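Chemist: A single structure is presented below for examination.
The values are calculated or read from the model by the stated rules, or taken from the named source; none is laboratory data. Keep in mind that this is a model prediction, so the values were computed, not measured. So basically every Cβ, Gly included, is an ideal-geometry build from the backbone, and we count neighbours across all protein chains shown.
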Amino acid sequence: MTAQHPTSAGTVTIGVLTFRRPHDLAAVLPMLVRQAADVRELGYAVEVLVVDNDADASARDVVRPWASETVRCVVEPTPGIAAARNRAIAEAHGSDLLVFIDDDERPHDRWLEHLLATRRRTGAHAVAGAVVSDLPGELDAWVAAGDFFRRRRLPTGTPIDVAATNNLLLDLSFVRSRELRFDERFGLSGGSDTLFTRRLVAEGGLLVWCDEAVVTDQVPAERLTRQWVLRRAFRSGNSSSRVDIVLAPGAAGRTAARTRAGVRGSLRLAGGAARWALGVLTRADSHAARGLRTAARGSGMLAAVGGMVYREYRRDVRPRRVHAA
């Protein structure tokens with residue numbers, strides 16, 4: 001079942017992906033139902049689609065009290081966020097637009113309305129919204145010095161060439177016409193959204209920013225550490241270089257992409273190490289922290305050149321029988 005009773009304004013699927021986060025899902029689901037109701041008053045037909053990436057269907061009980069013609073849950077047993085994103089696209093076959101949000105995010109007032117308005121005003125094929133971080137406690141002093149949880153903000157309507165799917169509207173007619181899908185080779189490593197949006201732009205799609213469409217990311221305490229920041233930087237460098245290599249045309253293009261990634265990774269590693277050393281010598285904590293993160297990103301880039309895939313989202317979960325959602 002997809003969004004019901006199409007209207008002149010169009011049909012929208014809000015896709016929230018989840019994996020064993022029942023408390024987060026229970027918190028965000030009523031918010032999405034309210035957002036959907038608000039834009040229905042503007043003439044849109046809207047459904048809320050939960051894609052449960054747990055083969056044991058652990059989200060089923062959370063969704064059941066909300067289940068209706070416009071709120072539903074499906075199970076995608078293939079591990080990895082890329083498979084779950086592709087399932088959302090497939091399930092939204094009767095909708096004009098698909099809006100992604102993460103289960104650990106909380107949309108601000110009029111979030112969906114702002115995304116839709118920016119899409120109407122700009123004619124964009126994709127609209128990315130802003131994400132702000134809600135930190136559960138005091139940061140490690142090193143992490144605070146680096147200011148690592150500050151996200152980018154841009155004027156609404158600014159064209160961009162890459163975006164994450166944690167707050168993203170997609171024009172499904174464009175996605176279908178270009179046969180765009182999330183690459184499942186990146187499902188457990190991260191980076192499939194980077195590859196997808198870069199391909200969208202390369203295919204002639206317009207991707208713009210909407211600064212009023214804000215969601216708050218509920219950052220878990222275990223991410224407020226130096227170790228997590230450095231692991232994320234390594235993964236980010238690793239996946240970004242892999243994306244560059246995948247996008248390169250032909251064997252010669254891939255070789256050139258690996259060479260560029262090797263040069264850039266080496267420069268980041270050396271430059272980051274130098275900045276870290278300067279920060280240590282001058283007791284400038286921000287330089288030390290940012291330099292070390294830059295070096296970690298460079299190391300990840302070099303690892304990608306050597307063929308390493310860092311699977312940040314790997315699971316120690318054995319496959320289990322799929323239950324009907």
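Chemist: Of these, Ser177, Ser240, which one is touching a residue at least 40 places away in the same chain (Cβ under 8 Å) and small (Gly, Ala, Ser)?
Modeler: Ser240
Chemist: Also, quick follow-up: Within the stretch 144-166, which residues are closer than 17 Å to Leu206 by Cα and either surrounded by fewer than 20 Cβ atoms within 10 Å (Cβ to Cβ) or among the hydroxyl-bearing types (Ser, Thr, Tyr) (or both)?
Modeler: Passing the criteria: Leu154, Pro155, Thr156, Gly157, Thr158, Pro159, Ile160, Asp161, Val162, Ala164, Thr165.
Chemist: Still on this model: Mind checking whether some residue in the stretch 273-293 is assigned to a helix (DSSP H, G or I), without any contact (Cβ under 8 Å) to a residue 12 or more places away in the chain, within 25 Å of Trp228 (Cβ to Cβ) and of a type in the set (A, V, I, L, M)?
Modeler: yes
Chemist: I'm checking my understanding of the structure. Among residues of the stretch 247-261 that are touching a residue at least 24 places away in the same chain (Cβ under 8 Å) and crowded, with 17+ Cβ neighbours inside 10 Å, which one is nearest to Met301 (Cα to Cα)?
Modeler: The qualifying residue nearest to Met301 (Cα to Cα) is Ala261.
Chemist: Right, here's the next one. Take the residues of the stretch 34-49 that are touching a Ser or Thr at 6+ places or on another chain (Cβ under 6 Å) and touching a residue at least 40 places away in the same chain (Cβ under 8 Å): which is nearest to Leu195 (Cα to Cα)?
Modeler: Among them, the one singled out is Leu49.
Chemist: While we're looking at this one, here's another question. Name every residue in the stretch 69-84 that is on the phi < 0 side of the Ramachandran plot, of a type outside the set (A, V, I, L, M) and touching a Leu at 6+ places or on another chain (Cβ under 7 Å), in order of residue number.
Modeler: The answer is Arg72, Pro79.
Chemist: Looking at the stretch 84-104, which of the residues that are of a type in the set (Gly, Ala, Ser) and crowded, with 20+ Cβ neighbours inside 10 Å is farthest from Ala27 (Cα to Cα)?
Modeler: Here the answer is Ser95.
Chemist: For Trp228, all conditions in the list (1) surrounded by 15 or more Cβ atoms within 10 Å (Cβ to Cβ); (2) under 17 Å from the mean Cα position of the chain (by Cα) hold save one; what is the number of the exception?
Modeler: Among (1) surrounded by 15 or more Cβ atoms within 10 Å (Cβ to Cβ); (2) under 17 Å from the mean Cα position of the chain (by Cα), the lone unmet condition for Trp228 is (2).
Chemist: Still on this structure: Quick one: is Leu169 among the aliphatic types (A, V, I, L, M), farther than 19 Å from Glu203 by Cβ and either surrounded by 15 or more Cβ atoms within 10 Å (Cβ to Cβ) or not assigned by TED's automatic domain parsing to the domain that holds Gly129 (or both)?
Modeler: no
Chemist: Name every residue in the stretch 53-76 that is closer than 15 Å to Ala88 by Cα and not in a loop (DSSP other than H, G, I, E, B), in order of residue number.
Modeler: Val71, Arg72, Cys73, Val74, Val75
Chemist: Would you list the strands (runs of 3 or more DSSP E) that sit entirely within the stretch 81-149 and hold 3 or more residues that are modelled with pLDDT of 95 or more and under 14 Å from the mean Cα position of the chain (by Cα)?
Modeler: 97-102, 126-134
Chemist: Turning to a different aspect of this structure: Looking at Thr13, Thr78, Thr70 in this structure, which one is under 24 Å from Ser189 (Cα atoms), in contact (Cβ under 8 Å) with a residue 40 or more places away in the chain and of a type in the set (Ser, Thr, Tyr)?
Modeler: After applying the criteria, what remains is Thr78.
Chemist: Right, next: Only one of (1) touching a Cys at 6+ places or on another chain (Cβ under 8 Å); (2) of a type in the set (A, V, I, L, M, F, W, C); (3) loosely packed, with under 15 Cβ neighbours inside 10 Å fails for Ala141. Which number is that?
Modeler: Single failed check for Ala141: (1).
Chemist: Within the stretch 181-221, how many residues are without any contact (Cβ under 8 Å) to a residue 60 or more places away in the chain, surrounded by 19 or more Cβ atoms within 10 Å (Cβ to Cβ) and assigned to a loop (DSSP other than H, G, I, E, B)?
Modeler: 1
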